[in-house]
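Following: one structure in structure tokens, then a few remarks.
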Amino acid sequence: SAVISQKPSRDICQRGTSLTIQCQVDSQVTMMFWYRQQPGQSLTLIATANQGSEATYESGFVIDKFPISRPNLTFSTLTVSNMSPEDSSIYLCSVEGRRDRDYGYTFGSGTRLTVV
Amino acid sequence: GQSLEQPSEVTAVEGAIVQINCTYQTSGFYGLSWYQQHDGGAPTFLSYNALDGLEETGRFSSFLSRSDSYGYLLLQELQMKDSASYFCAVISSWGKLQFGAGTQVVVTP
């Protein structure tokens, strides 16, 4: 399965600022996914990022707040813009598993964001 | 819309067997997966079912009934290290993975 390097692992940010989270994959993948996990909650899909096209956002998430880049098949960034304390969460990237195998998705180690 | 339901918490003793049920409503269903997440860690893949029936992977087994929109994860010979959150997740035909609310499994001595 793919190996994902995600950074930063954690950050404390001032409200009104922005943070960019990076994910690097050790192999080429078609789709990358970004999730948010609020404290004690499940993972909520923010958007799907395909190389060469705009990201597709889930209901409740908008590009102005969570712009995503996908410049190539091994890298993606998620920016959390104009942050407020409500954005304090863990953000995770993920890549799709292999349909011809066990179809297990792989996750980055997560970015723990605290907005003060 | 899409929804997945699973129990919020299950407590069991070491060596016991635990079954976590998951019912789902979704469009474009491709398969059902299970993930484990320890506090502070990333979700890790446990099992996947695309077809009806039972899949066994060591102490963990997963079952799917597509006609009933139902699946379960079976944890056997529970160990203390199995204390974690367990999520069922639906894979859609277009590759998106959507998670249930999660079940906290507490293993006691």
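With respect to the stated conditions, B:G15 is over 23 Å from A:E96 (Cα atoms) and either outside any strand (DSSP E or B) or charged (D, E, K, R) (or both).
Per-residue answers, yes or no, for (1) β-branched (V, I, T); (2) more than 13 Å from chain A (Cβ to nearest Cβ):
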residue: B:Q2; (1), (2): no, no
residue: B:E5; (1), (2): no, no
residue: B:I17; (1), (2): yes, yes
residue: B:Y30; (1), (2): no, no
residue: B:Q36; (1), (2): no, no
residue: B:D39; (1), (2): no, no
residue: B:S47; (1), (2): no, no
residue: B:G53; (1), (2): no, yes
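In segment B:23-41, the residues that are within 13 Å of B:G100 (Cα to Cα) reach residues that are open to solvent by 60 Å² or more (accessible area, probe 1.4 Å) and of a type outside the set (G, A, S) with C-beta atoms within less than 6 angstrom, at least six apart or across chains, in these pairs: B:T23/B:E5; B:T26/B:Q2; B:Q36/B:T44.
Residues in segment A:65-83 that are open to solvent by 40 Å² or more (accessible area, probe 1.4 Å) and over 18 Å from A:L45 (Cβ atoms): A:P71, A:N72, A:L73, A:F75, A:N82.
Against the test of being open to solvent by 50 Å² or more (accessible area, probe 1.4 Å), at pLDDT below 95 and closer than 22 Å to A:G60 by Cβ, the options B:G40, B:G1, B:G28 yield a single qualifying residue, B:G1. Of note, A:D102 satisfies the criterion of being open to solvent by 30 Å² or more (accessible area, probe 1.4 Å), part of a loop (DSSP other than H, G, I, E, B) and at the interface with another protein chain (Cβ under 9 Å from one of its Cβ atoms). Take B:S67 and decide whether it is touching a Ser or Thr at 6+ places or on another chain (Cβ under 8 Å) and either assigned to a loop (DSSP other than H, G, I, E, B) or more than 18 Å from B:Q2 (Cα to Cα) (or both). In short, no.
With respect to (1) open to solvent by 40 Å² or more (accessible area, probe 1.4 Å); (2) over 20 Å from A:P39 (Cα atoms); (3) modelled with pLDDT of 95 or more, the lone exception for B:G71 is condition (1).
Just one of (1) part of a strand (DSSP E or B); (2) out of contact with any Cys (no Cβ under 9 Å at 6 or more places or on another chain) fails for A:Q28. It is (1).
Checking each residue in segment B:89-109 for being of a type outside the set (S, T, Y), more than 10 Å from chain A (Cβ to nearest Cβ) and either under 14 Å from B:L4 (Cα atoms) or in a loop (DSSP other than H, G, I, E, B) (or both) picks out B:V90, B:P109.
Can you find a residue that is within 14 Å of chain B (Cβ to nearest Cβ) and surrounded by fewer than 16 Cβ atoms within 10 Å (Cβ to Cβ) anywhere in segment A:84-98? Yes, segment A:84-98 has at least one match.
The values are calculated or read from the model by the stated rules, or taken from the named source; none is laboratory data. Since this is a predicted model, take the numbers as computed values, not measurements. Cβ sites come from the backbone with ideal geometry, for glycine too, and all protein chains shown count toward neighbours. Each accessible area value is taken on the protein alone, full model and side chains, heavy atoms only, with ligands, DNA and RNA left out. Shrake-Rupley method; radii C 1.70, N 1.55, O 1.52, S 1.80 Å.
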